[in-house]
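Trainee: Just dropping this structure here.
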Amino acid sequence: MILCRLIKYRFTNNIRNFSNLADLSPKERLVRCKEMAPKYRKDPVIKVLNTTEFTSIFTEELNSLSSIFKQYGYEIRIAGGAVRDLLLGKQPKDLDFATTATPDQMKTMFTEENIRMINMNGEKHGTITPRINDKENFEVTTLRIDVVTDGRHAEVQYTTDWFLDANRRDLTINSMFLGFDGTVYDYFYGFDDLQNKRIAFVGEASQRIQEDYLRILRYFRFYGRIAEESNKHEEETLKAIRDNVDGLERISGERIWVELKKILEGNFAGEIMTKIIECNIGPYIGLPKDCNTEDLLNVWKHLQGVDTNAITLLSSLINSDEEAMVLHGRLKFSAFERDLLLFLVQNRSPKLEEKPLKPYQRLVLLSKNNKTKLWVIELLKYLNSEHIKEFEDWDVPRFPVNGSMLKEKGIANGKEMGYVLNKLKDHWIEKDTCLSAEEILKELPHILVQLDLQLNNLLDPSNM
């Protein structure tokens, strides 16, 4: 009940933070946003980019897009993450664009030019996606300000002011724009933070977080991507996160998992997950209340630099099937991820045998799931095994005995056949999978004796 009241209070508080904008006229809102803005550069132009990575993004289709906007008198620039990556000398995976044109103006323009538009669901967020030359898609979003926000979604107003759009973004390193001529526009010192490997919110951290609580996890994700030290967080930022952590309860598990997965696969994953737990984020994202970060850090030590599934490191924080299913219920894993998590939790106790891979090969050979070998590879990574490459190169042999062969020997379908097949397979595995079908079937009389003994035991009145 207390938690519900707290969430209700924060929700209404968020609305109040922005209600002064909602009560104003559109023109007055723009003025107020500028008045409320944090420290910024009066002249945002900081440099002109002319790197190989930058020039290589200009395909025929992108040049066509640029020409169309120029022809109709609208500005368009590269926005957000692509600018950040290009300034770091990296080739961006995706290009996002911002423009002074409204969605209606873009639709009119592209219709006039006979350019097909796809994914019209994006229009409600101000995004239009033209497909140029039926070859390349470009997401172009109208500049906007947030008028009302509830911690997940925002009601927006379009603008032609690049500064105001930059002011509504989450982190300084994501608030820059890049002109098609290479001009870098940086209002909030994002380039300085990028050079200093610093992750900072645009303006007051609490306000940015309350606009969208997922920004808590985005902060940690970008810390892993940009920072050079594992634990150089600013206390003011961590305090804002701790003060607002309950807002994550209203964020969908799917959105949380997208961010958390990238954290687990990134730099400093062990240290960042430890900090996440220290900030009391765990219970809001499905983790147990009292996580054992010692196991997490021990596993992380040998997983660094290893290509591994995000679930593998995450599993170090889970102690039982019940905890695994609670986490799955919150984050909505894929079937593969859910089953991998359960498999790791159930099988990570060391298995000591003379032939170190034999117990893990047995897991594969006795399983009916064709993903089990992949799960075992992740298990071996978790355990820091020296035999991962050997196991990866192992070709899973085919069990040479089948049901038809057993029918010819008089074994009936059903539980009896299942029992016999499993026992024969156990014998085959014990002999290192080297036996032929004929050699395996020589064990059949012995197994049938065992089966009779079990049946007699079950029928013995003294055992009832």
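The values are calculated or read from the model by the stated rules, or taken from the named source; none is laboratory data. Everything numeric in this text was worked out from a predicted model, so none of it was measured. As a convention, Cβ positions derive from the backbone with ideal geometry for all residues, glycine included, and neighbour counts pool all protein chains shown.
Trainee: Test Thr160 against the stated conditions and say whether it is touching a strand residue (DSSP E or B) at 6+ places or on another chain (Cβ under 6 Å), assigned by TED's automatic domain parsing to the domain that holds Phe69 and surrounded by fewer than 16 Cβ atoms within 10 Å (Cβ to Cβ). Step through it out loud before you land on a result.
Mentor: On the way: touching a strand residue (DSSP E or B) at 6+ places or on another chain (Cβ under 6 Å): no; assigned by TED's automatic domain parsing to the domain that holds Phe69: yes; surrounded by fewer than 16 Cβ atoms within 10 Å (Cβ to Cβ): yes.
No.
Trainee: Taking the conditions exactly as written (aliphatic (A, V, I, L, M), at pLDDT below 90 and either touching a helix residue (DSSP H, G or I) at 6+ places or on another chain (Cβ under 9 Å) or in a loop (DSSP other than H, G, I, E, B) (or both)), does Met417 satisfy them or not?
Mentor: yes
Trainee: Right, next: Just checking, how many residues over the range 412-427 are in contact (Cβ under 8 Å) with a residue 12 or more places away in the chain and of a type outside the set (Asp, Glu)?
Mentor: Residues that pass the stated criteria total 9.
Trainee: So, in the range 188-217, how many residues would count as being hydrophobic (A, V, I, L, M, F, W, C) and touching a Pro at 6+ places or on another chain (Cβ under 8 Å)?
Mentor: Qualifying residue count for the region: 2.
Trainee: Residues to consider are Glu265, Glu234; find the one that is under 26 Å from Leu87 (Cα atoms), modelled with pLDDT of 95 or more, over 18 Å from the mean Cα position of the chain (by Cα) and of a type outside the set (A, V, I, L, M, F, W, C).
Mentor: Glu234
Trainee: Being in contact with a Phe, Trp or Tyr (Cβ under 9 Å, 6 or more places away or on another chain) and small (Gly, Ala, Ser) is the requirement here; does Ser206 meet it? Explain how you work it out, then say what you get.
Mentor: Details: in contact with a Phe, Trp or Tyr (Cβ under 9 Å, 6 or more places away or on another chain): no; small (Gly, Ala, Ser): yes.
Against the criterion (in contact with a Phe, Trp or Tyr (Cβ under 9 Å, 6 or more places away or on another chain) and small (Gly, Ala, Ser)), Ser206 does not qualify.
Trainee: Among the listed residues Gly190, Gly224, Gly182, Gly253, identify the single one that is in contact with a strand residue (DSSP E or B) (Cβ under 7 Å, 6 or more places away or on another chain) and touching a residue at least 40 places away in the same chain (Cβ under 8 Å).
Mentor: One residue alone meets the criteria, Gly182.
Trainee: Could you give every pair whose Cβ atoms fall below 7 Å, whose first residue belongs to the range 385-408 and is part of a helix (DSSP H, G or I), and whose second residue is surrounded by 13 or more Cβ atoms within 10 Å (Cβ to Cβ) and small (Gly, Ala, Ser), counting only separations of at least 6 or pairs across chains?
Mentor: Met405/Ala437
Trainee: For the range 420-464, what are the residues that are part of a loop (DSSP other than H, G, I, E, B) and either at pLDDT 85 or above or among the aromatic types (Phe, Trp, Tyr) (or both)?
Mentor: Residues satisfying the conditions are Lys431, Asp432, Thr433, Cys434, Leu435, Ser436, Lys442, Glu443.
Trainee: Suppose we filter the range 349-360 for residues that are in contact with a Phe, Trp or Tyr (Cβ under 9 Å, 6 or more places away or on another chain) and in a helix (DSSP H, G or I); how many remain?
Mentor: Here the count works out to 1.
Trainee: Only one residue in Leu317, Leu331 is over 15 Å from the mean Cα position of the chain (by Cα), surrounded by 18 or more Cβ atoms within 10 Å (Cβ to Cβ) and not charged (D, E, K, R), so which one is that? Spell out how you get there, then give the answer.
Mentor: Working: Leu331 fails: over 15 Å from the mean Cα position of the chain (by Cα).
Just a single option satisfies the conditions, and that option is Leu317.
Trainee: What number of residues within the range 311-348 are of a type in the set (Lys, Arg) and in a helix (DSSP H, G or I)?
Mentor: 2
Trainee: Here is a further query. Evaluate the range 173-183: report whether one residue or more is closer than 22 Å to Lys262 by Cα and of a type outside the set (A, V, I, L, M, F, W, C).
Mentor: yes
Trainee: Being closer than 20 Å to Leu143 by Cβ and either at pLDDT below 95 or not assigned by TED's automatic domain parsing to the domain that holds Leu143 (or both) is the filter here, so list the residues in the range 93-102 that pass it. Outline the logic, then answer.
Mentor: Applying the first criterion (closer than 20 Å to Leu143 by Cβ) to the range 93-102 yields 94-102.
Matches in the range 93-102: Asp94 only.
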